[in-house]
1. Only residues that are at the interface with another protein chain (Cβ under 8 Å from one of its Cβ atoms) and surrounded by fewer than 15 Cβ atoms within 10 Å (Cβ to Cβ): list them for region B:174-210, please.
2. Residues that are within 12 Å of chain B (Cβ to nearest Cβ) and at pLDDT 80 or above: does region A:182-196 have at least one?
3. Taking residue A:537 as meeting all but one of (1) farther than 26 Å from residue A:260 by Cβ; (2) surrounded by fewer than 23 Cβ atoms within 10 Å (Cβ to Cβ); (3) small (Gly, Ala, Ser), write down the number of the exception.
4. Just one of (1) facing chain B (nearest Cβ under 8 Å); (2) charged (D, E, K, R); (3) touching a residue at least 24 places away in the same chain (Cβ under 8 Å) trips up residue A:81, so point out which.
5. Given the criteria part of a loop (DSSP other than H, G, I, E, B) and within 18 Å of residue B:141 (Cβ to Cβ), does residue B:58 qualify?
6. Quick check: anything in region A:143-155 open to solvent by 10 Å² or more (accessible area, probe 1.4 Å), within 13 Å of chain B (Cβ to nearest Cβ) and under 25 Å from residue A:201 (Cβ atoms)?
7. Count, please, the residues in region A:115-135 that happen to be farther than 19 Å from residue B:238 by Cβ and either open to solvent by 20 Å² or more (accessible area, probe 1.4 Å) or more than 7 Å from every other protein chain (Cβ to nearest Cβ) (or both).
8. Can you tell me which residue within region B:222-237, out of those that are at the interface with another protein chain (Cβ under 7 Å from one of its Cβ atoms) and not hydrophobic (A, V, I, L, M, F, W, C), is farthest from residue A:393 (Cα to Cα)?
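The values are calculated or read from the model by the stated rules, or taken from the named source; none is laboratory data. For clarity, every value in this text was computed on a predicted model and none was experimentally measured. Cβ: placed from backbone, ideal geometry, glycine included. Neighbour counts: every protein chain shown. Ligands, DNA and RNA are stripped out before the accessible areas are found, and what is left, the full protein with its side chains, is counted by its heavy atoms. Shrake-Rupley method; radii C 1.70, N 1.55, O 1.52, S 1.80 Å.
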Amino acid sequence: MPNNRSEVHNRNHLPLVVRDLSYCYGQLPDMALNQLSFQVRSGEIVLIAGSSGSGKTTLVRCLNGLIPHSYRGGQRSGDIRIFGEEPAALSLAEISGMVGSVLQDPEKQIVASYVANEIAFGLENLGVERAEMRRRIRLVLDRLGIVHLHDRETFRLSHGEKQKLVLGSTLVLEPAILLLDEPLASLDAYGTEETLSLIRHLADQGKTVLIVEHRLERILKLRPDKVLFLVNGEQHYFGDVAGFLAMADPSEVKLPAHITLQRLHKLGAAVDTVEGPEVDVRPEVDVRPKVDVPPIKQAFASKPATPLIHYENVSFSYEPDDPILQEINFSLFPGDVVAVLGPNGAGKTTLAKLAVGLLRPNRGRVYIGGRDNKTMTVAQIARVVGYVFQSPRHMLFAPTIEREVAFGMHNLGFDEVAITSAVPSVLKAVDLTAYMDLPPLALSFGQQKRLTIAAVMAMQSRVLVLDEPTAGQDFRHYTKLMERLLRLLEGDARDDVPEAMVLISHDLDFALSYANRVILLRAGRILADGPPHEVLARRDLLAMCRLQPSSLLELNLQLLPHTGRLMPANMLSRYIPDLEELRFDIS
Amino acid sequence: MYVSWRYRERDTVLQRFDPRSRIIFTICVLFSLVQFWDLRFILVFFVLGVVQLWSAQLTWAETKRFWSVLALVILTLSIFTSLTGGAGAAVYESYTPLRTGTLLFTGIPVAIAVSVEQVTFFVTQIVRLVTFGLFALPLPYTIHPARYGIAFRRLGVPDKFAFSTDLAFRFIPSLGQDFQMTLDAQRARGYEVERRGSGLISQIRNMVPLMIPFIVGSIVRSEALIDVLDMRGFGTRPRTWLEELRYERRDYLLLATSLLLLLISTVMNLLDVGNFWTPSFLLVDTI
């Protein structure tokens with residue numbers, strides 16, 4: 001039995017030893033991994049950090065054997081020893097008994113249509129007897145607290161349940177090492193909490209856990225023993241958490257707010273490394289800075305007569321007994337940067353699809369620029385509301401980036417002159433000018449995401465709706481992108497620039513950094529609608545939306561009397577005279 | 001949400017049968033049915049199909065999408081083959097005009113260009129195809145999705161292929177969902193499916209924004225799937241199955257009936273019984 005393999009070797013070998021590991025995919029000239037060396041002990045949790053394209057996924061593939069078993073044609077050098085054995089020399093089935101992998105998207109890892117069958121899948125492949133399978137399925141479901149899901153269809157599980165199921169189907173094979181690739185990506189704050197305490201529990205029981213994750217603040221609660229920090233395939237750091245926080249660049253990596261501030265102060269002039277308005281390096285207190293802070297207009301001031309989008313008593317459902325949205329009333333005005341926050345399944349995306357006419361309300365009306373959108377085609381609406389879908393994969397098709405951007409403009413009937421002049425400027429806004437002639441499919445995920453934003457911006461719609469713009473994006477890139485978009489919005493009224501934005505997200509920090517208005521959506525109803533510093537100060541409402549106050553929010557609320565509004569950490573740093581005076585009650 | 005059917009446990013007689021005997025029964029019925037062109041015999045199958053459908057206790061709401069697609073396919077198919085006479089030619093040879101008469105006010109004799117055989121063939125074909133549908137329809141609604149894999153395995157299909165039927169249940173709906181999302185995303189960019197501009201080439205060109213993301217997406221999805229299957233040791237050795245199947249007495253009865261039906265139909269076919277039949281009252285009426 002391969003699942004006993006790890007136990008046999010447990011006493012004699014470390015779970016994982018990596019020495020001088022390098023890897024290069026056959027078709028690409030650059031090294032995906034370059035000379036990595038580290039060791040992991042039993043029961044340790046190791047955080048693998050780095051921006052997208054830094055080699056995290058390649059490392060994961062080397063460790064779980066997909067390289068070289070499934071990805072052939074690349075060149076690997078150096079050593080990997082899992083309990084003393086080289087994974088390249090074992091079969092994938094043997095490796096799966098030692099290393100259990102949970103990949104980013106649980107949706108893609110579920111192969112069976114029912115929960116029990118999904119957990120059984122790995123056991124079936126190993127030829128385990130039926131009675132033994134049943135016993136182990138019960139055991140795992142019990143351990144994860146999801147026995148009640150035993151007979152449920154996998155298709156109908158919530159995100160959090162799917163995540164647990166995937167973890168369960170890995171744990172049932174009893175691997176000694178768990179390899180988790182962004183396990184929190186699709187979870188809301190509470191789902192995250194649950195998953196983290198489960199992982200902690202597993203590590204305390206002796207499992208070795210390697211976890212790839214962007215959301216540092218969340219993962220630090222897990223108290224990882226080590227951090228492995230990768231930059232462009234190279235190992236920039238391997239050691240304890242404190243050392244990592246002291247060396248990471250706060251403009252590259254989103255650190256907890258208080259650490260970002262400490263680092264910015266220590267770096268002094270390094271404030272300049274964060275792209276943003278120029279500021280005095282010396283902090284000021286009680287004085288609003290002379291230099292204007294981020295270009296956000298005050299919402300809720302005077303409103304012009306005609307809203308850009310107006311929802312009037314809108315209800316929507318696919319099936320009569322399962323309402324998705326109920327009695328939605330709100331208006332979007334020029335100058336609004338609205339963050340729509342809410343847990344998975346609250347109806348955020350449905351809200352946007354109703355506005356652009358992809359879905360039609362069962363009850364109520366949606367007005368676009370004063371006109372009932374029932375009388376408009378989707379293409380007509382697109383002139384007013386540009387909607388960027390969450391996943392770039394569903395949009396990109398053109399042979400070059402330039403033609404991808406031009407597609408929407410062609411559809412809306414822009415002439416060639418307008419197209420030729422617009423394409424370079426939107427590509428500049430999303431930082432893709434250098435790639436103009438490349439096929440969109442050759443870009444990284446983050447770049448593709450920015451390209452889809454450019455493609456919709458080019459349509460010069462009056463409202464820009466971004467669905468989960470931070471997903472799969474590096475902190476540095478989305479910070480830059482948002483600052484540029486807001487500056488465009490703030491600038492002189494021009495026809496080719498959006499007048500308002502809607503940001504659909506479940507990222508609290510993102511919302512508080514860039515929005516001037518927050519809508520909390522829960523179970524298809526609007527729970528709150530107002531300025532961020534009022535809405536996000538309501539802990540009761542946040543809890544109802546399964547949102548958890550972050551260190552950045554806490555800090556912002558403390559400093560609100562000085563700042564008058566919420567803002568990102570790099571701008572907050574100007575208001576803090578002496579860091580020691582602040583209470584950091586975030587563990 | 002996007003899935004077109006959903007399995008529900010209803011505790012019907014039909015659901016208590018072993019899926020293997022259900023599959024064999026359906027295959028036997030279909031092979032029997034194809035041997036008949038006589039509307040009267042086909043109606044016997046039709047009634048059998050209606051009884052089976054009734055016992056499945058499906059609701060109209062559940063099945064209406066299936067029926068509307070089926071109706072469209074059957075009508076198009078029947079109209080084309082009957083009126084062009086192409087497919088019917090193999091089934092009947094005579095040609096009897098439906099009605100003859102004189103052209104209005106002129107007294108010139110004319111025959112309506114539709115023959116008795118064409119009309120009968122049209123009706124027979126529709127009933128025949130609907131009967132196929134009647135037998136195929138209840139299967140996905142009444143066999144537990146987790147039991148297809150084991151059922152096909154026990155019917156002698158190799159492990160890998162048998163399991164792929166389980167996979168299909170999960171992945172075909174996801175592909176549908178992907179396609180819908182691509183369509184939505186492109187429409188939000190002002191894309192219109194019914195674009196003016198005729199000609200096959202421009203029609204095909206108009207499909208590119210839908211097909212490329214869909215194909216690329218399917219490839220990415222299947223690569224991810226292969227990784228997942230590999231990582232959980234799929235296909236490395238003979239596998240076991242969590243689901244268990246057992247033939248009961250009713251299954252043996254059903255199997256015996258199925259084989260008997262197929263045998264009788266085949267014998268009748270060999271004896272030239274059940275060929276194309278034109279109602280005599282239609283023939284008498286003409287000329």
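1. B:192, B:208
2. So far as region A:182-196 goes, no, none of its residues is within 12 Å of chain B (Cβ to nearest Cβ) and at pLDDT 80 or above.
3. Tallying (1) farther than 26 Å from residue A:260 by Cβ; (2) surrounded by fewer than 23 Cβ atoms within 10 Å (Cβ to Cβ); (3) small (Gly, Ala, Ser), residue A:537 fails exactly one: (1).
4. Looking at each condition in turn, residue A:81 falls short on (1).
5. Against the criterion (part of a loop (DSSP other than H, G, I, E, B) and within 18 Å of residue B:141 (Cβ to Cβ)), residue B:58 qualifies.
6. yes
7. 5
8. Filtering first and then ranking leaves B:237.
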